[in-house]
Each structure stands twice: as C-alpha cells, then as structure tokens.
Amino acid sequence: MRASLIQIAVDPDEPVAARRARAARLVREERGSADLVVLPELWTVGAFAADLFAAESEPLHGPTYEAMAAAARDAEVWLHAGSFVEAVGDALYNTSPVFSPDGELVASYRKIHRFGFDRGEAALMAAGEDLVTFDLPHLTVGVGTCYDLRFPELFRGLVDAGAEAFVVPAGWPARRRGHWTLLARARAVENQAYVLACGTAGTHADVEQAGHSLIVDPWGEVLAEAGPGEEVLRAVLDPAKPAAIRADFPALKDRVLGVEAPAKPRV
Ligand SMILES: NC(=O)CCC(=O)C(=O)O
C-alpha cells in the first residue's frame, strides 16, 4: 500500500480557489505512485485563519468536495482530502471527506476536539460526535484531526472499531513541533497501528506551521518525515504489519478496562 502525504503550504496571498485547483493537481500527480493520498487540515483557509472560517465555509457537497472527488477519480487513488469548513445551517464543522478511487464518498469525519480554549476554532465550530473508520483493501483506517492527536482515548476507540492505521491531517504550529512528532509516535506505539500525520507548511494568520509530516509504523519507527516546506512525503505500508505486531507483542490484550479512581484519596 503506497501512501503519499501532500504537505501543502497555506499562503494567505493565494486565493482559496487557486489553492483548491493546485491541491487537485498535486493529487492527480500521484496517479501511479500512490494507492492512498492524504491532504492536511483546513488547507483551504488555514487552521488558524478563524476570521475566514464563515466566509469560506461550504456545504459537504461544495466546491472542495467536487474538486477532490474528481481528483481521486482521475488519479485512481483513495483520497483522505484533509479537511474544510463545512456549513450545516448556522453551524460550522471541521470536516474530512474520504473518497474511493471511483470518486465516491466513503467516509466523512467531523473533528471532535476543537482547538483554541474557547477562541478560534473552539468558539466558531461545532464538535463532531462520531468516531469514523473506513476500509482500504486489507487495512482498516481510523481518522482523527490535529488536536485530536492529544486525546488517546479517541484512538483507542478507533482501535476498538477495528482500526489498524490512523490518518491525522493537521495544521500544527512550529512552536509545538516536538509534541507533534512525539504524539504521532505515541499513538502508533500504544495502538500498534500505522500513523499517517499530514501537516501544513508556510505561515498563515501569523502562525508558522511545523510541516514535518510523518509516517510511523506500528512499532513506532518513523518510515518517512518531511521537512518544513511544501513536500510530498511517500512511504510503503504493509497491511499485514499491525496484525503481526499485535500477535507478536500482544499488549492490547492486556488492557484492564473499567479502572476507576478510588472514591476517597488513599492515605
Ligand atoms: N489545529 C489544531 O488542532 C491545532 C492543535 C495544536 O496546535 C496543538 O494541539 O498544539
């Protein structure tokens, strides 16, 4: 399974429509080199460009959906199209559509943990409520978005739903790059699952982006890591590897469920 992560730069001087066309072109360029292509979080507007969220919001079946469905079909790839600002009535969601090589929508995930501590995304967007997985040939993939990476229970829930790999699009800032790499590897090790973490490059809304997308195997080894700039990061995944590692080192079987804090502090 050949995976390509498109670490696109969000340049505020590039109109959203132009970036949409450029992203679609980059996806098409992976035809023949990839089975799965991934874009980052909110590459349309920029994850920190909160002032633009409402103006650049779209219905699920809007211009980003149409452009990405066509690109997936033309490239004959599975496409996790990062995320865009989805408008549903008065509500906004940070939504990730996933397309099959026929350009059909196979999954749609609304980010559950919104970033901003009551500001930005956390104030403007509604929270998703559902865990989402989708099936590639021989590999079940769970999805999370950016800040979700800090919440291990979400990923454990995805494992319980069958996930053997995680796709995590992000708009992660450069100043917390150390957390990004550490958390991506931690989610891989603790869940014995591939992690495909695709960030953005460039600077938008005065927030320098980390880049450094990475592909981690279910043993926690980094198979490929990007630099800070625009880049297409590629690696080959072995769909049999998560099951092999889980059989060989069966830590997931040793989970103790329902452990609760004592009612009174121990003395
Ligand atoms: N877009 C995001 O979710 C940013 C998350 C972040 O900056 C962090 O967790 O740190």
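Below are the figures for this structure:
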read-out: Cut-off 20 Å, label 7 Å out along Cα→Cβ of ASP248, residues of region 195-232 by amide N; value: 195-196, 215-224
read-out: Those aspartates and glutamates that a straight Cα-Cα span of less than 18 Å connects to LYS111, excepting residues fewer than 8 apart in one chain; value: GLU41, GLU56, GLU58, GLU86, ASP90, GLU121, GLU129, ASP130, ASP148, GLU153
read-out: Ranked order, TRP180, TRP219 - accessible area, probe 1.4 Å, largest first; value: TRP219, TRP180
read-out: Potential lengthening between ASP90 and LEU257 on full extension [0.36 nm per residue; Cα-Cα distance subtracted]; value: 56.2 nm
read-out: Probe 1.4 Å, protein heavy atoms only - accessible area per residue of region 2-252 in square angstrom; value: 39 Å²
read-out: Alpha-carbon spread of region 2-252, three principal axes, descending order, Å; value: 51, 40, 34
read-out: Check: the chain dipole with +1 on Lys, Arg Cβ and -1 on Asp, Glu Cβ, in debye; value: 760 debye
read-out: Carbon plus sulfur fraction of accessible area for region 2-252, probe 1.4 Å, in percent; value: 51 percent
read-out: Solvent-accessible ranking of VAL159, VAL189, VAL77, largest area first, probe 1.4 Å; value: VAL189, VAL159, VAL77
read-out: The chain, relative contact order [Cα under 8 Å, separation at least 6], %; value: 19 percent
read-out: Ranked by how many other beta carbons lie within 10 Å on average, peptides 137-148, 203-214 from highest; value: 137-148, 203-214
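The values are calculated or read from the model by the stated rules, or taken from the named source; none is laboratory data. Remember, it's a predicted structure, so these values are computed and weren't measured experimentally. Because the Cβ atoms are built from the backbone with ideal geometry, glycine has one as well, and the counts that use them run over all protein chains shown. The protein model used for the area step is the full one, side chains on, heavy atoms only, and it has no ligands, DNA or RNA in it. Shrake-Rupley method; radii C 1.70, N 1.55, O 1.52, S 1.80 Å.
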